[in-house]
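Below is one structure, written out as C-alpha cells, with a few remarks after it.
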Amino acid sequence: MATFSQSTMDKGSDSFTDFCCSSCLEHKIDQWADFYCNNCQKFYCAKCINPHGQLFGKHVTYGRGDTSKWPVIKEVEDFLRKCDLHGEEDLKMFCNDHSQLCCTNCAFLNHRQCAKVTLMSESVKGPPPDLQKVSKKIQTILETLKKLENNWNTNMQSLQVSYNKQLHEIHQTRKKINTMLDEIEKTTVKELDAEMTTLKASLKTDLDNCSKLKNELKHLSDAIHDIVDKSKAELSFIASWKCQEKIRQSESYLSENAVQAERLLTFQADIDIEQFIAKLSGLGRIVLSYADHVFTVQGKSEYNVIIPRDCSSSCAIIAICVLSNDQILLADNFNCCVKLLDQQYQVIGHCDLSAHPNDICQITPSKVAVTMDKDTTNEIQFVSVNGGRLVKGRKLQFQHTCGGIAHDQKDLYLTTGTALYKYSMNGDLLTTLHADTSGNNTVSTCAASPTGDKIFVTNCDHDKVLTLARDGSILCTFTDPDLKGPLGIHVTAQGQVLVCGRDSHTLLQLDGEGRKKLSTLATSSDGLRYPFSVCYNRSTASIIVGQYETDKILVFKVQ
C-alpha cells in the first residue's frame, strides 16, 4: 500500500504537503518522495530508488514528471469526501432537486422528501466537470480576496496611526486649558478608547472572515490540482460541486465588500471650549471618518431663495455654510446679502452687506465670516445668528482682494485670486502660504481639512485643485476632464472633498487627499448650471449646491 505523510493538512495550513518516501519513513525519517512504484504501491526518494531498482528491475516507476500517474493523496481524498455539515461522514449521494452533495445523515435529515437523490456512482455518469476552469476561477477570487485582506490590514494600521494622531491632538488641546478639565479629558479619552476597541474588533472580524474564506478556497484549489489529471470521476464531481458552492459564497462576500471605506478616527476640538467649559462634558467629538466613502445620489430637489427685498431678479449663491444647529447661510453675490434658511430650505432672515460677498466660513457655532469685495472695499464682515436673526459684528479691512476664506482653530486662510495668505483672527498677516501669478484667478477658493493638516485650493484658470500642507508645500495637484473652472470647494466633517466645476457644470467628489476623483456626483443633465458653491448638510445627508444667475438652489439627497 502507498505510504502518505503523517499530516497532509495541518490546522491553519494553506496547502497540502507532499508524499514521503516509504523506506525513509520506516526509519522515522521525513523525506519527500521523487518516485512512485506502481507494483509496490510505494514511494521512494532519489536515494532509495536505486536499491529498489536493483531488486525489482522490472517494476514500473513514475517520477515527478508523471505525477498524474501517482495516486491521489489519501488526505486529499478524505478532505474532498468529507461532508461539510457532518464532518465524520463521507459524501455518498447527490440531491438533484437541491443540487447538493449529501452524506447519509444529510439525505436522512434534509432530503427525505426529494425525488432525485442518487448514489454518487450514478451521479458521476456523463461528461466530467472542467476542473481547470474551476481552478482558474478560484485563483481569480483568491487574488481578489488577497487584495481585500491587504486592505483590511492596511486599514488596521492606518486606524492605529489616526488613533495616535488624534490622541495627540486631544492632549495638545488639553494643555491650553486649566485643571478644571481633568475629568473632561478622561471622559473624552475613554470615548476614543471605546471607539477604537469597537473598530479594531470590527476590522478583526472582517479580516478573520476574509482569511477563513481565502484558506478554504486555497485548500480546494490545491485539492483540485492533485486530482485534475487522475480520472477520479467521483472526486472530480465532488470537488466541482464543493468549489462551486465555495465560489458562490466568495462572490457573495466580495460583492458585499466591493466598496471598502477606510475607517479612521478624528478628534474635533470645540473652539469655544474656554467660554463654555462649565457646560461641556468632553473636549470634542470622536468621529469615525469615511474620507473615501463615496456619496451616492438618491434624489434631487430645488428651492427658491429669492426674497422681495432683492434688487436683482436672480441670485448668485456664491457660498454656503451649514451651522451646528442645522441653520443654513447663503452668500448672495448679486443681491449683496447673507440669507438665513431653516431646515426646510425656506428663507427666514437676511442681512444686508456693504459690498458683494465672495465667500463665507463658520467661525463658532453661531458666527460666520464673510469676505466682501467692491471697488476699494476689501473686507471680512463677521455675522452672528441670534434667535433667528442675522446680526453684523466687527469688520477686518485689507489692502488686497478678499476672495475665498477658510477657518482652522485660531487662524484664517484668505485667497486673493493669485495668493493664499494666513491671518490671525485680528487680521494680522502671519505668512504667505501659496502664490501663482500665471493668471488672474489661479488661487480662487480654499477649504481646510477637519484636522487642519491640509488646505485645498482651487485654480479656476488652469482647472486644478491643489492640496497644500500646513506650511504651504504642495502635496498633490488634481485635474480631470470633468472639472473645468473649479470654484466652490467644501470638506465635510468626515473628510470628504466636494468641488464644483463652474464651466463643466459638474459636481465631483475627490478622495480625502485630493489626489483622485471618486465620483462625478452630478452634471448638467441633473440640472447643474454654473455651480459656484457646495456644502454638505450632515443632519439631512444632503449636498447643497448654489448656482450663478438663478433663483434656486439644488439639494441632492445622498447616502
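Of the residues that sit in region 334-353 and are touching a residue at least 40 places away in the same chain (Cβ under 8 Å), in a loop (DSSP other than H, G, I, E, B) and of a type outside the set (Ser, Thr, Tyr), which one is surrounded by the most Cβ atoms within 10 Å (Cβ to Cβ)?
Phe334
Considering only region 112-130, state which residues are crowded, with 18+ Cβ neighbours inside 10 Å, within 14 Å of Phe94 (Cα to Cα) and not polar (S, T, N, Q).
Val117, Met120, Val124 - these are the residues of region 112-130 that are crowded, with 18+ Cβ neighbours inside 10 Å, within 14 Å of Phe94 (Cα to Cα) and not polar (S, T, N, Q).
May I ask you to say which residue of Gly514, Gly495 is more than 25 Å from Gln346 (Cα to Cα), touching a Pro at 6+ places or on another chain (Cβ under 7 Å) and part of a loop (DSSP other than H, G, I, E, B)? Please lay out each step first, then the result.
Details: Gly514 fails: touching a Pro at 6+ places or on another chain (Cβ under 7 Å).
Only one candidate qualifies: Gly495.
Do the conditions hold for Ala291, that is, is it closer than 17 Å to Ile543 by Cβ, modelled with pLDDT under 95 and buried (at least 21 other Cβ atoms within 10 Å of the Cβ)?
In short, yes.
Name the one entry in Ala493, Ala522 that is of a type in the set (Gly, Ala, Ser) and under 21 Å from Leu468 (Cα atoms).
Unique residue meeting the criteria: Ala493.
Quick check on my filter: what residues within region 131-161 are open to solvent by less than 20 Å² (accessible area, probe 1.4 Å) and modelled with pLDDT under 80?
Listed by number, the list holds a single entry, Asn155.
Among the aromatic types (Phe, Trp, Tyr), more than 20 Å from Ile553 (Cα to Cα) and within 39 Å of the chain's Cα centre (by Cα) - does that describe any residue in region 380-387?
Looking through region 380-387, at least one residue is among the aromatic types (Phe, Trp, Tyr), more than 20 Å from Ile553 (Cα to Cα) and within 39 Å of the chain's Cα centre (by Cα).
Residue check, Thr540 against (1) among the β-branched types (Val, Ile, Thr); (2) within 22 Å of Tyr345 (Cβ to Cβ); (3) crowded, with 18+ Cβ neighbours inside 10 Å, all met but one. Which one?
Just one mismatch for Thr540, condition (3).
Sort out which residues of region 46-83 are under 30 Å from Ala115 (Cα atoms), open to solvent by 60 Å² or more (accessible area, probe 1.4 Å) and either at pLDDT 90 or above or not charged (D, E, K, R) (or both), and write them in order of number.
Lys82
Look at region 185-205 and say how many of its residues are over 18 Å from the mean Cα position of the chain (by Cα), among the polar types (S, T, N, Q) and open to solvent by 60 Å² or more (accessible area, probe 1.4 Å).
The qualifying residues number 2.
Out of (1) more than 19 Å from Val499 (Cα to Cα); (2) part of a strand (DSSP E or B), the odd one out for Leu468 is which?
(1)
If you scan region 26-38, which residues turn out to be on the phi < 0 side of the Ramachandran plot and open to solvent by 90 Å² or more (accessible area, probe 1.4 Å)?
Correct list: Glu26, His27, Asp30, Trp32.
Tell me which residues, restricted to region 456-482, are hydrophobic (A, V, I, L, M, F, W, C) and either on the phi > 0 side of the Ramachandran plot or open to solvent by 30 Å² or more (accessible area, probe 1.4 Å) (or both).
Correct list: Ile474, Leu475.
Output the residues belonging to region 26-55 that are small (Gly, Ala, Ser) and within 16 Å of Val72 (Cα to Cα). First the steps, then the outcome.
In the first step, residues of region 26-55 are kept if they are small (Gly, Ala, Ser); the result is 33, 46, 53.
Correct list: Ala33 only.
Could you run through region 12-32 and say how many residues are modelled with pLDDT of 85 or more, assigned to a loop (DSSP other than H, G, I, E, B) and out of contact with any strand residue (DSSP E or B) (no Cβ under 7 Å at 6 or more places or on another chain)?
3
Can you tell me which residue within region 323-333, out of those that are modelled with pLDDT of 95 or more and touching a Ser or Thr at 6+ places or on another chain (Cβ under 9 Å), is farthest from Ile271 (Cα to Cα)?
Asp332
Return only the number of the condition from (1) acidic (Asp, Glu); (2) modelled with pLDDT under 95; (3) open to solvent by 20 Å² or more (accessible area, probe 1.4 Å) that Asp511 does not satisfy.
For Asp511, the failing item is (3).
Need a quick list: helices (runs of 4 or more DSSP H) entirely within region 33-151 having at least 1 residues that are within 44 Å of the chain's Cα centre (by Cα), under 30 Å from Asn209 (Cα atoms) and among the β-branched types (Val, Ile, Thr).
Where helices (runs of 4 or more DSSP H) fall fully within region 33-151 and carry at least 1 residues being within 44 Å of the chain's Cα centre (by Cα), under 30 Å from Asn209 (Cα atoms) and among the β-branched types (Val, Ile, Thr), they are 74-81.
What about Ala223, is it open to solvent by less than 40 Å² (accessible area, probe 1.4 Å), in contact (Cβ under 8 Å) with a residue 24 or more places away in the chain and more than 30 Å from Tyr163 (Cα to Cα)?
Numbers: open to solvent by less than 40 Å² (accessible area, probe 1.4 Å): yes; in contact (Cβ under 8 Å) with a residue 24 or more places away in the chain: yes; more than 30 Å from Tyr163 (Cα to Cα): yes.
When the stated conditions are applied, Ala223 passes them.
Could you please let me know if Leu280 is at pLDDT 85 or above, open to solvent by less than 50 Å² (accessible area, probe 1.4 Å) and farther than 30 Å from Ser68 by Cα?
no
Listed here are the residues, each with its yes/no results for (1) modelled with pLDDT under 85; (2) under 22 Å from Pro450 (Cβ atoms); (3) surrounded by 20 or more Cβ atoms within 10 Å (Cβ to Cβ); (4) in contact with a Leu (Cβ under 6 Å, 6 or more places away or on another chain).
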position: Leu167; (1), (2), (3), (4): no, yes, no, no
position: His171; (1), (2), (3), (4): yes, yes, no, no
position: Thr179; (1), (2), (3), (4): yes, no, no, no
position: Glu183; (1), (2), (3), (4): yes, no, no, no
position: Leu207; (1), (2), (3), (4): no, no, no, no
position: Cys210; (1), (2), (3), (4): no, no, yes, yes
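The values are calculated or read from the model by the stated rules, or taken from the named source; none is laboratory data. Treat the numbers as computed from the prediction; the structure is a model and nothing was measured. A quick note on method: Cβ atoms are made from the backbone with ideal geometry, for glycine too, and the neighbour counts reach across all protein chains shown. Keep in mind that these areas ignore ligands, DNA and RNA; they rest on the heavy atoms of the full protein, side chains included. Shrake-Rupley method; radii C 1.70, N 1.55, O 1.52, S 1.80 Å.
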